[in-house]
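Peer 1: One structure, pasted below without further comment.
The values are calculated or read from the model by the stated rules, or taken from the named source; none is laboratory data. Computed from a predicted structure; not experimentally measured. Glycine gets a Cβ as well: all are built from the backbone with ideal geometry, and neighbour counts include every protein chain shown. All accessible areas refer to the heavy atoms of the entire protein, side chains included, with ligands and DNA or RNA removed. Shrake-Rupley method; radii C 1.70, N 1.55, O 1.52, S 1.80 Å.
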Amino acid sequence: MASIKVNFRLAPGTAGYGYIYYRISHQRKVCQITTEYRIRADEWDRRHGTVAVAQTHDNIRADMERLSRIDRRLAAVRVTYTADDVADEFRRYARDYTLFAYMRAIIEQLRRNGKVRTSETYRSALESFRKFLALDTCPRRDIMLDCITSEVMERYQAWQCARGISPNTISFYNRILRAVYNRAADSDIIDNRNPFRHVYTGVEKTRKRALPITAIKRIGNLDLSDNPTLDYARDMFMLSFFFRGMSFVDMAFLRKADLRDGYITYRRRKTGQMLTIRWTREMHAILAKYPENSSKYLLPIIRNTGINERYAYRNAGYNINRALKRIAAMAGLTIPLTLYVARHSWASAARAKGIPLSVISEGMGHDSEATTRIYLASLDTSVVDKANSLIIRSLR
């Protein structure tokens with residue numbers, strides 16, 4: 001095993017300032033690694049080989065742990081290795097295993113594997129953490145994977161709370177970062193110290209996003225013939241509801257070939273599950289309002305070939321949701337209206353009709369009934385109140 005020590009060297013002509021370097025000795029060979037840590041001579045404890053500056057001390061401790069881990073790994077896999085091998089591996093680690101470098105590699109791999117949406121969520125989490133690091137009490141451009149500690153994650157969560165980020169969004173980012181960290185630990189890049197144990201990674205019940213059938217009818221009956229933008233947004237909302245709460249991304253990428261013999265058969269982009277929906281006259285009436293696409297897609301969302309389809313779908317969704325806010329006001333609704341509301345509304349309407357949870361789950365393409373329960377958690381409490389009244393009356 002190599003001998004690894006922390007040393008301090010005065011820099012000439014700097015009036016008492018110097019820099020930290022690491023001295024690696026192995027098999028009578030010595031190698032030095034110069035660091036970027038600059039301190040005053042009186043901040044160096046020569047007797048104990050430590051630094052009085054807290055942040056620099058923590059960085060040095062992390063470096064020493066990293067060097068020790070590299071040394072142990074080389075000793076386990078190689079018959080012989082040199083001090084230079086330890087130093088080279090340390091420099092490679094510093095280049096490849098920062099959080100940003102590691103996450104960017106994962107994002108690129110997800111994109112190549114066709115998981116574009118997942119890659120985008122990872123990129124959003126990375127951007128959020130990047131902003132935090134830039135404004136943290138100890139601002140930095142990046143952070144090593146093995147420097148992600150419980151204290152860092154707690155500060156990140158507090159920073160998000162101070163910005164008014166919702167608990168579910170905080171949990172969403174924390175879970176993505178935890179998945180990245182665990183992947184690094186599983187690959188033996190770092191030791192898993194569970195830095196996420198004190199931050200929120202659960203799922204909080206969201207505010208009610210389901211509309212009753214009466215509200216869906218009001219939206220469908222609005223006369224929007226004089227405003228094509230609102231009419232189109234309403235049509236896409238209604239189609240999502242008619243399609244058993246189909247997500248907008250699945251609607252956008254429905255192909256003309258998916259509609260055959262009176263049925264739509266498609267595969268969910270999120271889970272890969274194959275679903276089949278009967279084509280009805282209500283669906284046909286909406287689609288008949290629009291000229292046939294020049295693209296291979298069924299609905300008037302991605303309308304042309306030779307374009308950035310991902311950008312077209314996202315831009316359409318943004319414009320539709322913006323128009324739905326105006327429609328909500330016209331329909332006298334008190335909750336924000338988005339395309340996602342159609343999905344919740346279909347689930348709640350099905351439950352109100354007494355359809356079993358297992359059937360609703362299958363109809364929505366959920367992986368489990370537990371996911372469906374999250375959708376149904378916002379079901380109008382009056383349904384439960386009526387049931388409770390019946391139970392109470394039975395005791396009289």
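Peer 1: Within segment 115-154, track down each residue that is under 18 Å from T56 (Cβ atoms), charged (D, E, K, R) and at pLDDT 90 or above.
Peer 2: Selection gives E151 alone.
Peer 1: If I ask for residues that are touching an Asp or Glu at 6+ places or on another chain (Cβ under 8 Å), touching a residue at least 40 places away in the same chain (Cβ under 8 Å) and surrounded by 17 or more Cβ atoms within 10 Å (Cβ to Cβ), which ones from segment 55-89 would you list?
Peer 2: Once the filter is applied, which keeps residues that are touching an Asp or Glu at 6+ places or on another chain (Cβ under 8 Å), touching a residue at least 40 places away in the same chain (Cβ under 8 Å) and surrounded by 17 or more Cβ atoms within 10 Å (Cβ to Cβ), segment 55-89 yields R66, R69, V86.
Peer 1: Within segment 272-284, count every residue that is open to solvent by less than 60 Å² (accessible area, probe 1.4 Å) and at pLDDT below 90.
Peer 2: First pass over segment 272-284, keeping only residues open to solvent by less than 60 Å² (accessible area, probe 1.4 Å): 272-273, 275, 277, 279-280, 283.
Pick out the ones that are also at pLDDT below 90 and you get 272-273, 275, 277.
So the count comes out to 4.
Peer 1: Listed residues E292, E309; which is acidic (D, E) and open to solvent by 70 Å² or more (accessible area, probe 1.4 Å)?
Peer 2: E292
Yes/no per residue for (1) open to solvent by 40 Å² or more (accessible area, probe 1.4 Å); (2) of a type in the set (D, E, K, R); (3) more than 30 Å from K353 (Cβ to Cβ):
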{"site": "V180", "(1), (2), (3)": "no, no, yes"}
{"site": "R183", "(1), (2), (3)": "yes, yes, yes"}
{"site": "F196", "(1), (2), (3)": "no, no, yes"}
{"site": "Y200", "(1), (2), (3)": "yes, no, yes"}
{"site": "L222", "(1), (2), (3)": "no, no, no"}
{"site": "T229", "(1), (2), (3)": "yes, no, yes"}
{"site": "F248", "(1), (2), (3)": "no, no, no"}
{"site": "A252", "(1), (2), (3)": "no, no, no"}
{"site": "G262", "(1), (2), (3)": "no, no, no"}
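Peer 1: Of the residues P167, P212, only one is touching a Phe, Trp or Tyr at 6+ places or on another chain (Cβ under 9 Å) and either surrounded by 15 or more Cβ atoms within 10 Å (Cβ to Cβ) or under 30 Å from A328 (Cβ atoms) (or both); which? Write out each step before concluding.
Peer 2: Details: P212 fails: touching a Phe, Trp or Tyr at 6+ places or on another chain (Cβ under 9 Å).
That would be P167, the only listed residue that is touching a Phe, Trp or Tyr at 6+ places or on another chain (Cβ under 9 Å) and either surrounded by 15 or more Cβ atoms within 10 Å (Cβ to Cβ) or under 30 Å from A328 (Cβ atoms) (or both).
Peer 1: Looking at segment 227-242, can you tell me whether even one residue there is at pLDDT 95 or above and of a type in the set (D, E)?
Peer 2: The answer is yes; a qualifying residue exists.
Peer 1: Of all helices (runs of 4 or more DSSP H) completely enclosed by segment 39-127, which ones contain at least 3 residues that are basic (K, R) and more than 29 Å from G18 (Cβ to Cβ)? Before you say what the answer is, go through the steps one by one.
Peer 2: On the way: elements: 54-77, 83-96, 99-112.
Correct list: 99-112.
Peer 1: Also: Condition first: over 42 Å from the mean Cα position of the chain (by Cα), in a strand (DSSP E or B) and either surrounded by 14 or more Cβ atoms within 10 Å (Cβ to Cβ) or among the β-branched types (V, I, T) (or both). Now tell me which residues in segment 11-24 satisfy that. Give the derivation first.
Peer 2: Going residue by residue through segment 11-24, those that are over 42 Å from the mean Cα position of the chain (by Cα) are 11-18.
Among the residues that remain, those that are also in a strand (DSSP E or B) are: 17-18.
Correct list: G18 only.
Peer 1: A further question on this structure: Please report, ordered by residue number, the helices (runs of 4 or more DSSP H) entirely within segment 270-368 with at least 1 residues that are of a type in the set (D, E).
Peer 2: Per the criteria, 281-287, 309-330, 357-364.
Peer 1: Filter segment 286-311 down to residues that are touching a residue at least 60 places away in the same chain (Cβ under 8 Å) and hydrophobic (A, V, I, L, M, F, W, C) and give me whichever is nearest to A257 (Cα to Cα). Show your work before the answer.
Peer 2: Going through segment 286-311, the residues touching a residue at least 60 places away in the same chain (Cβ under 8 Å) turn out to be 299-301, 310.
So of that shortlist, the ones also hydrophobic (A, V, I, L, M, F, W, C) come out as 299, 301.
Details: L299: 12, I301: 16 Å.
Among them, the one singled out is L299.
Peer 1: Suppose the filter is charged (D, E, K, R), modelled with pLDDT under 90 and open to solvent by 90 Å² or more (accessible area, probe 1.4 Å); does R269 pass it?
Peer 2: On the way: charged (D, E, K, R): yes; modelled with pLDDT under 90: yes; open to solvent by 90 Å² or more (accessible area, probe 1.4 Å): yes.
Here the answer is yes, as R269 does meet what is asked.
Peer 1: Of the conditions (1) open to solvent by 40 Å² or more (accessible area, probe 1.4 Å); (2) free of Cβ contacts under 8 Å to residues at least 40 places away in the same chain; (3) among the hydrophobic types (A, V, I, L, M, F, W, C), I39 clears all except one; give me its number.
Peer 2: (1)
Matching residues to (1) open to solvent by less than 50 Å² (accessible area, probe 1.4 Å); (2) at pLDDT below 65:
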position	(1), (2)
R322	no, no
I327	yes, no
R343	yes, no
A352	no, no
E369	no, yes
D385	no, yes
L395	no, yes
